[in-house]
Amino acid sequence: MGKILVVEDESLVSLVLCALLHETGHTAESVGTCADAREKMHNNYDMFILDLGLPDGDGKELAIEFRAAGITKPIVAFSGREEYEMEKPCLAAGMTAYVKKGNNALLLAKVEELLAMHAVA
Amino acid sequence: MFNIGKTALLNQMILQSPGNAFFKDTSGIYKVVNLNYANYLDRPLEEVIGKTDFELFDALTALALQKADDLAIRNGEEYEIEEADLRTGKTYLSKKIPFYNKKGKPIGVFGISFDITQRKKQEFQLAEAKQKAEDANQAKTVILSSISHDMRTPLNVIDGAASLAEMRVELTPEVQECFAMIRKAIKMLGDMVNRVIDSARIQTNEFKIQKEDICLPEIINDVIEFEKSLIDKPVIINHHYEANEYFYTDRDCMQHIFLNLIGNAVKFTEQGEVTITIKGDEECLKIIVQDTGIGIPEDARERIFEPFERVVRTDRSKYKGYGLGLPTVKKYVEALGGEILLSSIVGEGSTFEVNIRA
């Protein structure tokens, strides 16, 4: 059970994702821009799910900002780009995990895993 | 080298030559020229004889011509050069041949030139067209890859909405059947996207080999399970594993090699078996994928390794695909320094054999 912020500019994707998170017992909110994400980042989220290509910036850069601002909670990259090209840069930017779009079950499993890990830690 | 005793013959050769032909003595004075050359200079024949290049051309051109003549005489060798005529903008292919008397003393230069402007232009156009075609092909690959990436977004929505519906709707057998179909379609679409991206990546050489010890049975089983889930005809997949469990190679390459070879074997087999045999030790690996499918006619056996080529080019209704699988396999196998062999009997089946080293 966690409070999750989804940063995703494609409304259908965030709509479905938030509904899935609700359905699996979490609280989810969504924003579509980096600017809105910055405003909300200190609202005690347990996790962030970030798209990489956002209209006003890059999800990777946003993660760097979040980390610089003292956020230690898991940040998951959720993108249509390939793992082999994006996973390493995302992890280097301080993100916790990389999940490729197309399979929500994988993302939900990753959410559970990270929340459990973080609760223990 | 020619002998001055053959002057008459040389004169005839110059006069009859289809190009611009002349003979100059060692002082650079025109002794014999043909009509073509006089026409080229836009002067009557007799006005050219007895003159030097400095009287017929601008100083810069004359100097260049003199230099070319000197070179031929000094080196004592025939000499071919492409000359650009600044006055007319034309290009000439010229040959200079030095002449000597019986004592070996130079007496002059025989020259002949052909107007190759048209040919040069065509060569340039051809190179330009080739470059354009290559650029267009590259652009097409990049666009194909971007479209495929973008397709993941709606695909993700469909997948998510299906999961959501499964959670919220009462799953009667009829509804379950519908979800099974949606799941299968998502899997197919996702697979298509992956294949196109993969092929684009390898055709634009945007990948690096990263070798590590990988567990081959694991990869093969995953691929076989995946392919089995898509089979809707009486085809069974067998596999014989006769190699070490671990092999030092690139995981991504191996996955794609198996996925494409086994996927193809299944696709082109209406009924029967697809048999995968893995042999080898820690140094060498042999992968054999054998099917009882339609086979590959001899005239297509080289072509099908080229992108977008298929055995049957026009009819896509029976066997879906884009002709990307085998070219991708070939690129991966080559990237690993290996080879791929193919044998086939039309109507009986095909066998692909891949040999790679650690």
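Listed by first and then second residue, the pairs linking a residue in the range A:13-32 that is without any contact (Cβ under 8 Å) to a residue 24 or more places away in the chain to a residue that is among the β-branched types (V, I, T), with Cβ atoms under 8 Å apart and 6 or more places separating them unless they lie on different chains, are A:S14/A:V6; A:C18/A:V6.
One line per residue, one yes/no per condition, for (1) touching a Gly at 6+ places or on another chain (Cβ under 8 Å); (2) open to solvent by 60 Å² or more (accessible area, probe 1.4 Å):
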position	(1), (2)
B:D213	no, yes
B:I231	no, no
B:A243	yes, no
B:D250	no, no
B:I257	no, no
B:A265	yes, no
B:K279	no, yes
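Selection of the range A:66-119 for residues being among the basic types (K, R) and loosely packed, with under 15 Cβ neighbours inside 10 Å yields A:R67, A:K88. Where helices (runs of 4 or more DSSP H) sit wholly within the range A:16-121, those with at least 3 residues that are closer than 30 Å to B:R168 by Cα, out of contact with any His (no Cβ under 6 Å at 6 or more places or on another chain) and more than 14 Å from every other protein chain (Cβ to nearest Cβ) occupy A:104-120. Pairs are defined by a Cβ separation below 8 Å, a sequence spacing of at least 6 or placement on different chains, a first member in the range B:162-184 that is in a helix (DSSP H, G or I), and a second member that is open to solvent by 60 Å² or more (accessible area, probe 1.4 Å) and of a type in the set (S, T, Y); no pair meets this definition.
Considering the range B:1-90, the qualifying helices (runs of 4 or more DSSP H), each wholly inside and each with 3 or more residues that are not hydrophobic (A, V, I, L, M, F, W, C), run over B:7-16, B:35-41, B:59-75.
Kindly indicate the residue of the range B:91-132 that is assigned to a loop (DSSP other than H, G, I, E, B) and farther than 23 Å from B:Y30 by Cβ and also nearest to the chain's Cα centre (by Cα) among those meeting that condition.
B:G104
Looking at the range B:119-170, which of its residues are of a type in the set (K, R), open to solvent by 90 Å² or more (accessible area, probe 1.4 Å) and more than 9 Å from chain A (Cβ to nearest Cβ)? B:R119, B:K121, B:K130, B:K132, B:K140 - these are the residues of the range B:119-170 that are of a type in the set (K, R), open to solvent by 90 Å² or more (accessible area, probe 1.4 Å) and more than 9 Å from chain A (Cβ to nearest Cβ).
Being open to solvent by 70 Å² or more (accessible area, probe 1.4 Å) and at the interface with chain A (Cβ under 9 Å from one of its Cβ atoms) is the filter here, so list the residues in the range B:191-207 that pass it. Hit for the range B:191-207 is B:E206, nothing else.
The values are calculated or read from the model by the stated rules, or taken from the named source; none is laboratory data. Note that the coordinates shown come from a computational prediction; the quantities given were computed from them, not determined experimentally. Virtual Cβ from ideal backbone geometry, glycine too; neighbours counted across all protein chains shown. These accessible areas exclude ligands, DNA and RNA; they are computed on the full protein's heavy atoms, side chains included. Shrake-Rupley method; radii C 1.70, N 1.55, O 1.52, S 1.80 Å.
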